Amino acid sequence: MTDSFNVRAQLDAGAKQYDYFSLKTLEKTFPEAATLPYSHKILLENLLRHEDGEDVTRDDIEALAKWDSKAEPSKEISFTPARVVLQDFTGVPAIVDLAAMRDAMAKLGGNPEKINPLSPAELVIDHSVMVDEYGSDQAFDLNAKLEFNRNKERYAFLRWGQGAFDNFKVVPPDTGIVHQVNLEYLARVVFGNDDNNLAYPDTLVGTDSHTTMINGVGVLGWGVGGIEAEAAMLGQPISMLIPQVIGFRLTGKLAEGTTATDLVLTVTEMLREKGVVGKFVEFFGDGLADLPLADRATIANMAPEYGATCGIFPVDGETLRYMELTGRPQEQRDLVESYARAQGMWREDGAPDANYTDVLELDLGTVQPSLAGPKRPQDRVLLKDMQETYRREVQPFVDQRSDKKSEAEARMEGEAGLPSGTEDGVANVSYKDTDFQLKDGAVVIAAITSCTNTSNPAVMIGAGLLARNAINKGLDVKPWVKTSLAPGSKVVTDYLAKAGLDDDLEGLGFHLVGYGCTTCIGNSGPLPEPISAAVNEHHLNVASVLSGNRNFEGRVHGDVRMNFLASPPLVVAYALAGTVDIDLSNDPIGQDKDGNDVFLKDVWPSQKEVYDTIGTSLNSQMFTDSYGDVFAGDDRWQKLDVPEGEIYKWDESSTYVQNPPYFEGMSVDVADIPGITGARCLALLGDSITTDHISPAGAIKAETPAGQYLMEQGVKPADFNSYGSRRGNHQVMMRGTFANVRLRNQLAPGTEGGWTTFQPDGEQMYIYDAAMKYQEKGTPLVILAGKEYGTGSSRDWAAKGTKLLGVEAVIAQSYERIHRSNLVGFGVLPLQFKDGDNAESLGLAGTETFDIEGLTAGARTVTVKATSNDGNTTEFEARVRIDTPKEWDYYQNGGILHYVLRQLAKAA
C-alpha cells in the first residue's frame, strides 16, 4: 500500500479516533472530485486505500478523480471489496471449489492453507427450504425437517468449511434470506478496523444478483458469479471499467393506496426503457427525505431487474435511524455519521446535485398500483389493466391449444376416464372435500416471499391488515390456491405476532412455511395432485402471484405458465379472488357474510393504519434478540457429523458434494490460447435466454439425464431434491445445464426442454447426451444466441455447466454483465455478433461446423467461418467480449480460479 497523494488523515467518531484516506484532501489536487456521485467517491477511496503501483496506480486515481461523466467507459480500474456474501446454492460450489483448490495446490507443490479467504466471507443458508407443506400450523416444522434431511451432506460440508477456513462464517438454515440478514445484521456501512485503526466504507460482492439490496443502506456492492466471488475471497481485485452513473431524482411522496412494490416496478420499467446495463444508478433528491430505508432497500434490491450494476442510496439521517432500529451500537452509528460527513458522502436536503451521466426523475405521487408479468419483471402492468393484459397474453395459448385439439384426442380423454363435463381450459376438480371448476387464469400459487418485499415492514403489515379486513368481511381464499408466507428474517414473524396479524394471515392460509427464498427461485414445492393433474390433463394456463423479483418462464413452477410480481397485500387479494382474469380495481373480490359485494378498496388498509401498526409492533429489541446468536443454529445443526482436517475428505459415493475436475492435469505454466476449429453448435437460441434457461434449477425429473444419474447412484425420485441443493456435484449439474423445461432450442424445433440434434446425422437427443458424444469425438462446441444472453441471477453454474459440456465459445447479439464475466472466468470465449448481424441474418442453421480465426491475446475481433454439411461457407466478423487485460489473463489461464491457483503456487 502506498499513499502517493499523501491523503491519510484522522477523524473523531464518538470517543474514538480513526485514520482514513481523505477525499477532501484529494480535492485540493482534483477539485472536480467533489462533484463525483456518491458511488464513485466510494470507488475513489477504494483506489486510494489500495494503491500499490501495480493493481492500483496513481494514474488510476487521477482518472477516477477527473471522471468524465459523459464519456463511454474505457478506463479499467481495480475494485477490492471489503467482504463477500454468499448464499448456499451459490456458496456451496464456491466452498467446493476452494476445497478442490487446496487439493490442487498440494499437487502443485504449494501450501494448501494459502487457499483461504483473506477478507470476511459470510454465507447464509436460505435457498434450500421448499414449500412442501403449507396452510397449516405444522408447515414450518415439517418443511424445516424435510430441508434438513435432504441437505444434511451439504450442511455438514459447510460446517467443515466454517472450521477449516479462516474468515468464513455460516448463518444456519431457518434463519432468514441472505439479503435481509445482510441488511439487518451483517452490514457495517463503515468498517472501523481494530487491527490498524483504519476507517473505510463497507463494500462487498455477493454470489446472488440481489446483493444490491444492501445499496439501500449506502453500502456499495453487487452480485457476481461464484467464480468472481471466490477470487475476491482469495484477495484478487475485481477489474472493471469506470462505469457511467445515471442519477434518479425522486420527489414527492407515495400516494394513498400505493406501496414500495408499486414504486420499484415503476422504477424498473423506467430504467429498463432508459437502458442502464453495465451502469450504476444513484438515487437522489428531496423525495428521499420521506422514503423509509426499507423502501430504499426494496428499490435497490431489484437493480438486476432494471439492468444496473447497482442502485445505490447515500448515507443520511434515515440510514442512522435504521441502524438504531436494527440494533447497531451507538459506537458504530457515530463512526458512520462522522466518516460520511468527513468524506462528503452525507446526504442533505437541498444539497447540490452530483455530476451524473444522465438524470431521470419520478414524482412519487404519480406511482399507481401495479404488478409485473407474466414472464419478465420489467413488464409492468397497472392493476386496472391486469384483466386485459391477462386476456391478451393468454389468447395465443388458447388458439394454439385449440389448433392441437382433435376429436381423436377428445375420445382418448373420455376413454381415460377424465372428469365429465370438462373441456380444455376448464376442469372439474375435487380437492379437500370441495368440488370446483379450475379454469384458465386460476391463481394456483399465492406466495408472500423473496428478499424484495419481505424486508419491508410496510408491505408485510399491509398484507396482514388486508387479511384481517377480509376475514372480518367473511372472505376466504379459493380452495385451489397454494398459499405461503416465507419471511426474510425472524424479526418479521415477531412484529406480525406482536400486531396480532399472524393469526389473520393464517386465517387465510398464509402460514409460515420457512425463512428463506422459496417460490421466487422455484422452491414452490408441488401443487396438490388433483390441481396439477387438472392443469396438465386439460392444458390449463394457470398463474402464480408472488411478492418476488423473478418471474421468468419455467422458474416458479413447471405447471404454471404465467407469473405476476405483486406487493404482499395484492398477493393476498389475488388469493381471495382466485384468478387473474379479474379487474380488481372495479370488480368485487368476493361477497361478505350477507352476500354483498366486497371490493378491494373495502379491505385495503390506509397508510396511517399501516404506519401506526408498525410504530406499536416493531422495535430494536426484536433485532437484537433475533440476531443475538445468529451463527449457533439449532440442535440439528449442532449435532451434524462434521469431517475434520484442512483438506476435505471427499466421499466418492456422495451425490451432493464431489471433487470437480477443473484442475485435472493442470501445471504451473500457462499454455498458449487454444484455437477453436471444427466446432459444432450445441444449441441455437433466441433472445432473452436467461441463466434460468441455462443453469440447472428447480425440480429434477426422473426421465432426464440428471434423474437417470441419480437413480443409477441408488437415489429414489422422492429423494432427488432440487438442482440447487446439488450444486456441489458437477455430475448432476452438467447433466442439468440447458435442461430448463421452457428452453426452446431451434436445432430441435417443436420441442421444449433440453433437446438438440446431433450433427451431422440429425438425431434428436438430450443436450447432455449429445455433448458427451461430441466429447468422445474430440469436437468442440459453440452456442449461438440472440440479445441479452444470460439475463437473470448470477449463477456460476451457467458458465461452469457450459464449459463442462465442452462449449468453448458463445456467439450472441448481446450479453448480461455478470454472465459474460462468468463465461470468461471459466475459460469460455464470449463473442458478439456485429451490430445488425445475427444467426438468422447470416443464414446460420446451427448445423454447420465453426472455425474461429485470429484469436490472440488482446484481440478485439475474430473471423468466424461456418461451413455447412454440403461444403458452403459463411464468414463473419465477431467482437471479442473479453473486455479488460485482467480478463485476458483469466481466459489464457483457463479461468480465474486457475489464474489465482498458479499465482499462489508460484509464490510458494
ask   = more than 19 Å from I177 (Cα to Cα) and either among the polar types (S, T, N, Q) or in contact with a Gly (Cβ under 9 Å, 6 or more places away or on another chain) (or both): does that describe H539?
value = yes
message = Taking the criterion of being over 21 Å from the mean Cα position of the chain (by Cα), in a helix (DSSP H, G or I) and closer than 24 Å to E553 by Cα, would at least one residue in region 750-760 satisfy it?
response = no
ask   = Out of region 841-867, which residues are assigned to a loop (DSSP other than H, G, I, E, B), within 19 Å of Q746 (Cβ to Cβ) and either of a type in the set (A, V, I, L, M, F, W, C) or in contact with a strand residue (DSSP E or B) (Cβ under 8 Å, 6 or more places away or on another chain) (or both)?
value = L842, G843, L844, A845, G846, T847, E848
request  = Would you point out which residue out of A82, A13, A33, A63 is touching a Lys or Arg at 6+ places or on another chain (Cβ under 7 Å) and either outside the structural domain of R902 (by TED's automatic domain parsing) or touching a residue at least 24 places away in the same chain (Cβ under 8 Å) (or both)?
outcome  = A63
ask   = In this structure, is L685 more than 26 Å from L844 (Cα to Cα) and buried (at least 21 other Cβ atoms within 10 Å of the Cβ)?
value = no
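Scan V642, V598, V670 and give me the residue that is exposed (fewer than 14 other Cβ atoms within 10 Å of the Cβ) and not hydroxyl-bearing (S, T, Y). Before you say what the answer is, go through the steps one by one.
Values: V642 fails: exposed (fewer than 14 other Cβ atoms within 10 Å of the Cβ); V598 fails: exposed (fewer than 14 other Cβ atoms within 10 Å of the Cβ).
None of the other options fit; the residue is V670.
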task = Could you tell me which numbered condition P588 fails, if it satisfies all but one of (1) in contact (Cβ under 8 Å) with a residue 12 or more places away in the chain; (2) part of a loop (DSSP other than H, G, I, E, B); (3) not aromatic (F, W, Y)?
result = (1)
task = For region 474-490, indicate whether the set of residues that are touching a His at 6+ places or on another chain (Cβ under 9 Å), free of Cβ contacts under 8 Å to residues at least 40 places away in the same chain and under 16 Å from A458 (Cα atoms) is non-empty.
result = yes
request  = Hey, could you check region 471-492 for residues that are of a type in the set (G, A, S) and over 20 Å from K432 (Cβ atoms) and say which is nearest to the chain's Cα centre (by Cα)?
outcome  = G488
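Within region 230-252, how many residues turn out to be of a type outside the set (F, W, Y) and either closer than 18 Å to V459 by Cβ or part of a strand (DSSP E or B) (or both)?
Here is the first cut: in region 230-252, the residues of a type outside the set (F, W, Y) are 230-247, 249-252.
Right, trim to either closer than 18 Å to V459 by Cβ or part of a strand (DSSP E or B) (or both) and you get 238-241, 245-247, 249-251.
Final tally of qualifying residues: 10.
Quick one: which strands (runs of 3 or more DSSP E) lie wholly within region 321-382 and hold at least 1 residues that are of a type outside the set (K, R), in contact with a Gly (Cβ under 6 Å, 6 or more places away or on another chain) and touching a residue at least 24 places away in the same chain (Cβ under 8 Å)?
358-363
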inquiry  = Take the residues in region 132-167 that are under 26 Å from the mean Cα position of the chain (by Cα) and outside any helix (DSSP H, G or I); name whichever of them is nearest to Y648 (Cα to Cα).
reply    = F165
task = Please go through region 172-200 and pick out each residue that is part of a loop (DSSP other than H, G, I, E, B) and in contact (Cβ under 8 Å) with a residue 60 or more places away in the chain.
result = P172, P173, D174, T175, I177, R188, V189, N196, N197
key: Within region 535-573, considering residues that are in contact with a Ser or Thr (Cβ under 8 Å, 6 or more places away or on another chain) and either over 30 Å from M213 (Cβ atoms) or aromatic (F, W, Y) (or both), the one modelled with the highest pLDDT   = F564
query = Exactly one of (1) of a type outside the set (A, V, I, L, M, F, W, C); (2) touching a residue at least 12 places away in the same chain (Cβ under 8 Å); (3) within 30 Å of F148 (Cα to Cα) is unmet by K649. Its number?
reply = (2)
inquiry  = Can you say whether F510 is outside any helix (DSSP H, G or I), surrounded by fewer than 24 Cβ atoms within 10 Å (Cβ to Cβ) and assigned by TED's automatic domain parsing to the domain that holds T449, as far as the supplied structure shows?
reply    = no
note = Going through region 118-139 in order, the residues found to be buried (at least 22 other Cβ atoms within 10 Å of the Cβ) and in contact with an Asp or Glu (Cβ under 9 Å, 6 or more places away or on another chain) are L123, V124, I125, D126, H127, S128, V129, M130, A139
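Do we have any residue at all in region 55-65 that's of a type outside the set (D, E, K, R), part of a loop (DSSP other than H, G, I, E, B) and more than 20 Å from F313 (Cβ to Cβ)?
yes
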message = I need every pair where a residue in region 790-811 that is under 18 Å from N893 (Cα atoms) has its Cβ under 6 Å from the Cβ of a residue that is of a type in the set (F, W, Y) and crowded, with 24+ Cβ neighbours inside 10 Å, sequence separation at least 6 or different chains.
response = A799/F826; K800/F826; K803/F826
request  = Using the structure shown, decide if L360 is on the phi < 0 side of the Ramachandran plot and buried (at least 19 other Cβ atoms within 10 Å of the Cβ).
outcome  = no
task = Tell me which residues, restricted to region 201-229, are within 29 Å of L901 (Cα to Cα), in a loop (DSSP other than H, G, I, E, B) and of a type in the set (A, V, I, L, M, F, W, C).
result = V224
inquiry  = For region 601-617: of the residues being surrounded by fewer than 20 Cβ atoms within 10 Å (Cβ to Cβ) and more than 19 Å from L254 (Cβ to Cβ), which is farthest from the chain's Cα centre (by Cα)?
reply    = D602
ask   = Among the residues of region 253-308, which ones are aromatic (F, W, Y) and assigned to a helix (DSSP H, G or I)?
value = Y306
key: Options G728, G714: the member that is without any contact (Cβ under 8 Å) to a residue 60 or more places away in the chain and not assigned by TED's automatic domain parsing to the domain that holds A866   = G714
query = From the residues in region 868-881 that are of a type in the set (G, A, S) and in a loop (DSSP other than H, G, I, E, B), which one is surrounded by the fewest Cβ atoms within 10 Å (Cβ to Cβ)?
reply = G871
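Which fully enclosed helices (runs of 4 or more DSSP H) of region 596-708 have 1 or more residues being hydroxyl-bearing (S, T, Y) and touching a Leu at 6+ places or on another chain (Cβ under 8 Å)? If you could, list the steps in order and put the result at the bottom.
Working: elements: 600-603, 607-617, 620-626, 635-638, 691-694.
Filter on region 596-708 gives 607-617, 620-626.
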request  = Output the residues belonging to region 440-484 that are among the polar types (S, T, N, Q) and either touching a Lys or Arg at 6+ places or on another chain (Cβ under 9 Å) or not in a loop (DSSP other than H, G, I, E, B) (or both).
outcome  = S450, T452, N453, T454, N469, N472, T483, S484
ask   = Of the residues L271, L263, L250, L293, which single one is crowded, with 21+ Cβ neighbours inside 10 Å and out of contact with any helix residue (DSSP H, G or I) (no Cβ under 6 Å at 6 or more places or on another chain)?
value = L263
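The values are calculated or read from the model by the stated rules, or taken from the named source; none is laboratory data. Computed from a predicted structure; not experimentally measured. For neighbour counting, all protein chains shown are included, and Cβ atoms are generated from backbone atoms with ideal geometry for every residue, glycine included.
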